[in-house]
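Below is one structure, written out as structure tokens; the observations come after it.
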Amino acid sequence: MSVTSKKRKEDPLTLYVDFLNIDLSSDPRPGLRKGQKLKDFLNQFECEPVSCKINLSTGKVTPAPPNPNWLEEAKELQGEMRNDLFPIAARKDIPEKLFPLLERWVYLTEKLNEMSFIRRWTPYWNKKGRMMIRGWNFKPDYNQRDVWYWGLAERLEDGDLERLRLCPICGKYFSARDIRQRFCRTQCKKEFDNKDARFRVKRYRAKQKRDSKKEDRNRRYEQGVNGFCEFVRLAMSHSQDTKDVGPMALRLGQGDAIKGWRMIKQWHSKLKNGESSHQVFNDLSKENKDYFSE
């Protein structure tokens with residue numbers, strides 16, 4: 001049984017991806033297909049790269065005289081479209097707090113609304129000889145910029161623009177096969193993973209250092225709480241003349257032993273009344289905490 005392979009459907013975003021990636025400032029221009037001319041590329045929307053006029057009642061298109069500045073206008077159009085599509089294509093590289101994702105789409109749709117396109121339908125014969133109807137967004141006076149932007153509006157309606165991405169490694173636009181895709185090529189993904197691996201090692205070591213300091217603080221804290229509770233217990237189980245407790249009472253009272261013993265009795269009373277040892281220890285001065293933590 002023979003299996004016939006189906007022709008792969010062309011991605012509607014390919015034209016815009018190619019236009020955004022073409023280097024118009026150099027000759028030959030990287031991004032054009034082999035043997036393809038720039039004028040032919042710009043003409044893929046069935047409109048010459050010059051200004052045109054259309055009669056909305058008859059549908060007749062009257063091209064204006066050739067524009068000698070069409071290349072400069074193409075560069076301006078490319079820069080404008082890059083500025084408009086960059087926040088959408090580089091969505092993961094722009095913080096959400098800095099530029100919310102919804103606002104990026106609203107900005108683009110408002111710009112398209114300001115162009116005031118008029119929806120028109122035109123009959124045509126397809127390759128199989130069937131009569132079809134094609135819908136276009138027309139303006140009475142339109143130019144190459146309008147042609148590219150109304151095509152962009154159609155990609156927005158179809159939901160294809162959601163797949164437009166900007167590779168964070170090589171900086172090229174591409175059409176993602178999956179909405180989770182972030183890199184245009186496997187090579188870019190490997191390069192990102194290699195860079196990210198070095199940063200992961202640094203982050204891991206920094207985290208280990210922070211965790212070590214945190215564990216040391218917790219250990220000293222628990223050691224201080226335990227030493228504090230043991231001291232209060234021993235102090236209240238001996239007389240005031242005890243050699244082990246007397247010097248500490250004198251230190252707590254800053255030279256006044258009676259004042260020191262009053263503090264010890266207050267701590268004992270709080271612990272006896274149900275206050276947690278951690279809470280009583282937290283109320284101590286920093287100097288006393290450090291002494292019990294030694």
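Along the stretch 267-279 the Karplus relation, 6.51 cos²θ - 1.76 cosθ + 1.60 evaluated at θ = phi - 60°, assigns HN-Hα couplings of 5, 5, 5, 5, 5, 5, 7, x, 5, 5, 5, 5, 5 Hz to successive residues, with x for each Gly and Pro.
Rounded to whole Å, give me the distance from the Cα center of the stretch 151-226 to that of the stretch 263-282. One Cα centre to the other: 49 Å.
Note on Val106 and Asn218: the model spin-label points, each 7 Å out from Cα along the C-beta direction, lie 4.4 nm apart. Scanning residues 5 or more positions from Asp11 or on other chains, none has an amide H under 5 Å from its amide H, with H placed 1.01 Å from N in the peptide plane. The 3J(HN,Hα) values that the Karplus relation (6.51, -1.76, 1.60; θ = phi - 60°) gives for the stretch 193-203 are, in residue order, 5, 5, 5, 5, 5, 5, 5, 5, 5, 5, 5 Hz. Gly and Pro appear as x. Remark on Lys172: its backbone amide H falls under 5 Å from those of Cys167, a criterion applied only to residues 5 or more positions apart or on other chains, H modelled at 1.01 Å from N. In this structure, the amide hydrogen of Ile118, modeled 1.01 Å from its nitrogen in the peptide plane, lies closer than 5 angstrom to those of Phe138, Lys139, counting only residues at least 5 positions away or on a different chain. At an R0 of 35 angstrom, the distance between the Cβ atoms of Lys209 and Asp23 translates into a FRET efficiency of 0.15.
Among residues other than Arg177 with Cβ under 11 Å from its Cβ, the summed charge is +1 (Lys and Arg +1, Asp and Glu -1).
Taking a sphere under 14 Å around the Cβ of Gln187 and counting the other residues whose Cβ falls inside, with K and R at +1 and D and E at -1, yields a net charge of +4. Over 22 Å between Cα atoms, which of Lys75/Lys172; Lys97/Lys209; Lys75/Lys111 qualify? Exceeds cut-off: Lys97/Lys209.
Rule-based calculations on the coordinates, nothing more; no lab input. Keep in mind that this is a model prediction, so the values were computed, not measured. Note that we place each Cβ from the backbone using ideal geometry, even for glycine, and neighbour counts take in every protein chain shown.
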